[in-house]
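Have a look at the structure below before the remarks.
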Amino acid sequence: MQKKSKMLNDLDKEFVVAFERISCLKEAVAPDIMLKLYAFNKQANFGNNFSFNSGSDVRNAFKFNAWMQLKDMTPSEAKKEYIKLANTIINPKK
């Protein structure tokens, strides 16, 4: 994730922490959950500025499709959903 020159608000800070914690996980996360995290992250960082390489493999097509399904979600909503999902992975209820 790129460093931003402007000051981060509380949501941005919480999002960055969640992203870093997920990125450092040692145990595997189910592919469908990783796909959701990917889509929320893309929407949070790029909004509806979709780009897709038509020569890509099936895996990238699934990733792109997951991101496109969030087209009506604001970046702030995507950050909140990413944080919520990340917290369920990092701090599962027992």
The chain: most fluctuating residue of Phe46, Phe19, Phe64 per GNM, C-alpha cutoff 10 Å: Phe46
Ranked list, fewest to most other Cβ atoms within 10 Å of each Cβ, for Met73, Met68: Met68, Met73
Simple spin-label estimate for Asn60 and Asn9 in nanometres, 7 Å along Cα-Cβ: 3.4 nm
Per-residue HN-Hα couplings for the stretch 33-50 [Karplus 6.51, -1.76, 1.60; θ = phi - 60°; Hz; x = Gly/Pro]: 6, 4, 5, 5, 4, 4, 5, 4, 5, 4, 5, 5, 8, 10, x, 8, 7, 6
Ranked Glu27, Glu20, criterion: other C-beta atoms within 10 Å, fewest first: Glu27, Glu20
Contour minus Cα-Cα distance for Val29 and Ser51 (0.36 nm per residue): 5.4 nm
Among Lys26, Lys84, Lys13, residue whose mean-square fluctuation peaks in a GNM of the chain (springs only between Cα atoms under 10 Å): Lys26
Selected from Val17, Val58, Val29 as most flexible by GNM, with the chain as the system and alpha-carbon contacts under 10 Å: Val58
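No lab work stands behind these numbers, since they all come straight from the coordinates. None of the values given here were measured: they were computed from a predicted structure. FYI the Cβ positions are ideal-geometry reconstructions off the backbone, even for glycines, and counts take in every protein chain you see.
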